[in-house]
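In what follows, a structure is listed as structure tokens, so that the remarks can point back to it.
The values are calculated or read from the model by the stated rules, or taken from the named source; none is laboratory data. Source: prediction; values computed, not measured. Cβ coordinates were reconstructed from backbone atoms using ideal geometry, including for glycine residues, and neighbour counts include every protein chain displayed. Side chains are part of the model used for accessible areas, which takes the heavy atoms of the whole protein and leaves out ligands, DNA and RNA. Shrake-Rupley method; radii C 1.70, N 1.55, O 1.52, S 1.80 Å.
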Amino acid sequence: MIDYEKCKRSAEYILSRSKLRPATAIILGSGLGALTKELSEGVKIPYGEIEALGCGTTNGAHEGALYIGKLDGVEVALFSGRFHYYEQYGFDKAGSMVGVMKLMGIERMIVTNAAGAVNPEFKIGDFVIIKDHIKFFTESPVRGNVDSEFGERFFDLSDIYSSKLRAVAKECGKEVGEELKEGVYFFMPGPQYETPAEIRAIRILGGDLVGMSTVPEVITAGYCKLKVLGISCVTNMAAGVTENKINDAEVVEVTGRSGTRFSALIKKIVKEIDKDAV
Ligand code: HPA
């Protein structure tokens, strides 16, 4: 359950630590934390100080701190590190981060991740805009939540990956020399990577990308009525798409070396969506 009062106290604490009032939040995926170095006038708040988040993450590629600052002059909240189901957390832990954002006054969330390519046309190092997701079988992050000040129990997700934000992101991609593809992200709970048979099934079901994060946050954003833009960095071809085995070191290495391109793209997008209040 996402605890409204905890999220509220957490948001009040965060706002007491900074004079900035960002409308855009960015969740940085595995290895994509370099963006925090580009912030000016920033304040860093470890997740351990934020009641609703409680503790840092246990995954080495994720830092576990919130930064509030300016990215090329635009106020942003950067969540460096997220909570994964495979670490032990329930999906509501990832959802609480979004509840906190909402109560901080955030209007739109950019969510990033490392993902495996199920679509054979994608290449390692590609940035892919998420146009939709599939999450079967595991529970919802807002299971048990009822109508509340966040939103209603039943809510629509048809345009959760905002078509307007996707269009702006595509244009921004062109301006920084990135041809951004679009794809459907298929959530798998991990921590094991998938089998080739699972990946073949995911492809048949309409998945282009596979990963172990993002979707719990996005569903909660739907509940809280935040707009969403999702971007994946393809770190490997999914199991069986090529003969190569998948390893975590490669995943982190690819995001690490994509950091400069990634930062340029995100900065451009943040500026554009802020200017036009998309
Ligand atoms: N599968 C699941 N999660 C991932 C992958 C993958 O191939 N690559 C990066 N995150």
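Taking the criterion of being modelled with pLDDT under 95, within 16 Å of the ligand (Cβ to nearest atom) and in contact with a strand residue (DSSP E or B) (Cβ under 6 Å, 6 or more places away or on another chain), the residues of the range 9-42 that qualify are Leu28, Gly29, Ser30, Leu32, Gly33. Only residues that are under 18 Å from Ile110 (Cα atoms), acidic (Asp, Glu) and in a loop (DSSP other than H, G, I, E, B) were counted across the range 126-180, and they come to 3.
Taken over the range 165-175, the residue count meeting the criterion of being open to solvent by 50 Å² or more (accessible area, probe 1.4 Å) and in contact with a helix residue (DSSP H, G or I) (Cβ under 9 Å, 6 or more places away or on another chain) is 2. Among the residues of the range 227-256, just one is in contact (Cβ under 8 Å) with a residue 24 or more places away in the chain, more than 14 Å from the ligand (Cβ to nearest atom) and surrounded by fewer than 22 Cβ atoms within 10 Å (Cβ to Cβ), namely Lys227. Could you list, in sequence order, the residues of the range 85-113 that are in contact with a helix residue (DSSP H, G or I) (Cβ under 7 Å, 6 or more places away or on another chain), open to solvent by less than 20 Å² (accessible area, probe 1.4 Å) and either in a helix (DSSP H, G or I) or within 16 Å of the ligand (Cβ to nearest atom) (or both)? Matches in the range 85-113: Phe91, Ala94, Gly95, Ser96, Met97, Val98, Gly99, Val100, Met104, Val111.
Figure legend. Inter-residue proximity from the range 115-128: first residues within 17 Å of Arg200 (Cα to Cα), second residues more than 10 Å from the ligand (Cβ to nearest atom) and not small (Gly, Ala, Ser), beta-carbon distance below 6 Å, spacing 6+ or different chains. Indicated pairs: Val118/Arg203; Val118/Asp208; Asn119/Asp208.
Step by step: first the residues of the range 181-214, then only those that are assigned to a helix (DSSP H, G or I) and not charged (D, E, K, R), then the one that is most open to solvent (accessible area, probe 1.4 Å). Which residue is that? Among those residues, the one meeting the criterion is Ile204. Among the residues of the range 69-84, those identified as aliphatic (A, V, I, L, M) and either within 16 Å of the ligand (Cβ to nearest atom) or more than 21 Å from Gly222 (Cα to Cα) (or both) are Leu71, Val74.
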